[in-house]
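Trainee: Take a look at the following structure, please.
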Amino acid sequence: MILSDKRILEEIEKKTILIKPYDRQKLGSNSYDVHLGKDLAKYKDAILDAKKHNEIEHFTIPPEGYVLYPDQLYLGVTMEYTETHAHVPFLEGKSSTGRLGIDIHATAGKGDIGFCGHWTLEISCKIPVRIYAGMPIGQLIYFPLEGEVEVAYNKKKNAKYSHQPDKPVESMMWKNQF
């Protein structure tokens with residue numbers, strides 16, 4: 001079951017869902033549109049190592065936009081800061097974004113209860129495409145949860161992506177023990 005627009009509004013009122021900045025016009029029938037922040041990042045090394053801290057270079061999207069190229073991984077970020085305290089948030093690309101050949105996440109579309117922060121986007125494209133800061137990039141949908149959560153994500157000591165800033169965050173796989 002997915003929350004409707006009325007239920008999302010009720011949860012915003014109860015402060016179990018927080019979206020900043022919030023604009024009522026961005027609320028769809030059962031989702032909320034999020035936008036591309038002004039900062040992107042790319043990994044410094046051509047070959048990434050899952051056991052190593054792979055560093056990234058941040059840069060700002062200029063007013064004239066920035067061209068994405070295939071076979072590149074870009075890390076972006078949502079303009080919106082969100083908190084979800086009673087529902088499971090999912091971030092999906094908008095159909096208009098997909099029709100430009102843009103994917104906004106490789107595998108990380110689901111958040112956890114207690115996620116607080118900006119969403120880092122794993123952006124790739126099928127053909128070269130110019131993007132702009134502030135453009136609609138995805139939509140958040142919310143699912144109710146069955147059962148109680150023992151420890152919310154923002155309370156976990158090992159939460160690698162809690163309180164993400166308004167700049168893209170690189171993979172923290174290297175913090176895992178394997």
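Trainee: If you take the residues of the stretch 157-168 that are basic (Lys, Arg) and surrounded by 13 or more Cβ atoms within 10 Å (Cβ to Cβ), which of them is nearest to TYR22 (Cα to Cα)?
Mentor: It comes out as LYS167.
Trainee: Follow-up. Determine, yes or no, whether SER171 is buried (at least 16 other Cβ atoms within 10 Å of the Cβ), not in a strand (DSSP E or B) and not aromatic (Phe, Trp, Tyr).
Mentor: yes
Trainee: Moving on to the next point. Taking the stretch 113-132 as the region of interest, how many residues are in a loop (DSSP other than H, G, I, E, B) and closer than 22 Å to SER171 by Cα?
Mentor: Adding up the residues that qualify gives 3.
Trainee: Pull up the stretch 133-146, narrow it to residues that are under 19 Å from the mean Cα position of the chain (by Cα) and either assigned to a loop (DSSP other than H, G, I, E, B) or among the hydroxyl-bearing types (Ser, Thr, Tyr) (or both), then point me to the one that is surrounded by the fewest Cβ atoms within 10 Å (Cβ to Cβ).
Mentor: GLY134
Trainee: Pick from the stretch 1-11 the residues that are closer than 14 Å to GLY28 by Cα and among the aliphatic types (A, V, I, L, M): which of them is surrounded by the most Cβ atoms within 10 Å (Cβ to Cβ)?
Mentor: ILE8
Trainee: Tell me which of these LEU145 doesn't satisfy, since it passes every other one: (1) touching a helix residue (DSSP H, G or I) at 6+ places or on another chain (Cβ under 6 Å); (2) within 24 Å of ILE17 (Cβ to Cβ).
Mentor: (1)
Since every read-out is calculated from the coordinates, none of them should be taken as a lab result. Keep in mind that this is a model prediction, so the values were computed, not measured. Because the Cβ atoms are built from the backbone with ideal geometry, glycine has one as well, and the counts that use them run over all protein chains shown.
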